[in-house]
1. Any idea which of (1) more than 30 Å from Tyr207 (Cβ to Cβ); (2) β-branched (Val, Ile, Thr); (3) surrounded by 18 or more Cβ atoms within 10 Å (Cβ to Cβ) is the one Thr150 doesn't satisfy?
2. Considering only the range 156-178, state which residues are surrounded by 15 or more Cβ atoms within 10 Å (Cβ to Cβ) and closer than 16 Å to Ala134 by Cα.
3. Picking from Val139, Val98, which residue would you name as being surrounded by 12 or more Cβ atoms within 10 Å (Cβ to Cβ), at pLDDT 50 or above, among the aliphatic types (A, V, I, L, M) and not in a helix (DSSP H, G or I)?
4. Please verify whether Ala146 is farther than 30 Å from Val190 by Cα and at pLDDT below 95, treating the condition exactly as stated.
5. Name the single residue that is nearest to Gln111 (Cα to Cα) among those in the range 186-223 being in a helix (DSSP H, G or I) and touching a strand residue (DSSP E or B) at 6+ places or on another chain (Cβ under 8 Å).
6. Restricting to the range 179-215, and then to whatever is loosely packed, with under 12 Cβ neighbours inside 10 Å and more than 16 Å from the chain's Cα centre (by Cα), can you tell me which residue is farthest from Leu235 (Cα to Cα)?
7. Would you mind stating whether Ala134 is more than 30 Å from Leu209 (Cα to Cα) and buried (at least 17 other Cβ atoms within 10 Å of the Cβ)?
Amino acid sequence: MGPANAAAALLIRMKNSSLQLALNAILLIAVGVLFYLHFAQKPAAPATAPAAAPAQEETTVATVDSAETPAATASATPAPAATAATAPADNLRKVAYVESNKLLDSYKGLQDARKAFERKAAGWQRQHETSVRALQSAVQAYQKSAAGMTDEQRAATEQRLQAQEQQVAQQQQQLQQQAQQEEAKMTEQVLTKVNKLLEGYGKENNYDLILVAGGGTIAYARPGLDITDIVLKRLNAQYAARK
């Protein structure tokens, strides 16, 4: 391959490689998805089985095997109507929900974490762009001087440029992985705090189930079941106290 073709091939490969890390897109999309999936994948609390009525079974056996008078048997047998009346009360559950989108948009802790992540992302992107510009300058310099080089010099320069190109590509991949790991760590820290607060609030107020809704996942809920504002107020108060 001639020097002009080699330099052109290098430039084409450089142009085809992504020069932008798209870190802000990773942040905005992945945080929302992880936040929702983190809660959506949590299994609902198993429903507690209604209390059994062993007295009724014992009474049935006693009626068959004993020689009790009908009056005694009738007095020992519990009224079925009373058992049926208490069953619905045993199945009642105290339920509430929070809106994930509102939590994401209004929780001060997540807002500050996003800003910190964006500052880091901007630094990583500047670092990558510096490496790309250095490679571009090296290729352009080679294009200008290639005609006056010997075959050995051209081969050595092209080999060096190819190695530099590979380093830039590896750096881009490493920075993307670093950004994803940092974003996942940030999200997990936020979710841990939200989970802890929801768990405490649920126990404090005797809730059996607190759902996290987002994107229209709840078609209908009785007014008063949405506790998002209460949770947000507590989250922001805790965050302000820790700052």
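1. Only one criterion in (1) more than 30 Å from Tyr207 (Cβ to Cβ); (2) β-branched (Val, Ile, Thr); (3) surrounded by 18 or more Cβ atoms within 10 Å (Cβ to Cβ) is unmet by Thr150, namely (3).
2. From the range 156-178, those surrounded by 15 or more Cβ atoms within 10 Å (Cβ to Cβ) are 157-158, 161, 164-165, 168-169, 171-172, 175-176, 178; that's our starting set.
Matches in the range 156-178: Thr157, Glu158, Leu161, Gln164, Glu165, Val168, Ala169, Gln171, Gln172.
3. On the way: Val139 fails: not in a helix (DSSP H, G or I).
Just a single option satisfies the conditions, and that option is Val98.
4. Numbers: farther than 30 Å from Val190 by Cα: yes; at pLDDT below 95: yes.
Criteria met by Ala146.
5. Of the range 186-223, the ones in a helix (DSSP H, G or I) are 186-204.
Add one more test, that the residue is touching a strand residue (DSSP E or B) at 6+ places or on another chain (Cβ under 8 Å), and what stays is 198, 201-202.
Values: Leu198: 19, Tyr201: 22, Gly202: 25 Å.
In this case the residue turns out to be Leu198.
6. Asn206
7. Numbers: more than 30 Å from Leu209 (Cα to Cα): yes; buried (at least 17 other Cβ atoms within 10 Å of the Cβ): no.
Considered against the rule, which asks whether it is more than 30 Å from Leu209 (Cα to Cα) and buried (at least 17 other Cβ atoms within 10 Å of the Cβ), Ala134 comes out as no.
The values are calculated or read from the model by the stated rules, or taken from the named source; none is laboratory data. Keep in mind that what you see is a predicted model, and the values were worked out from it rather than measured. Methodologically, a virtual Cβ is constructed for each residue, glycine included, from the backbone with ideal geometry; neighbour enumeration extends over all protein chains shown.
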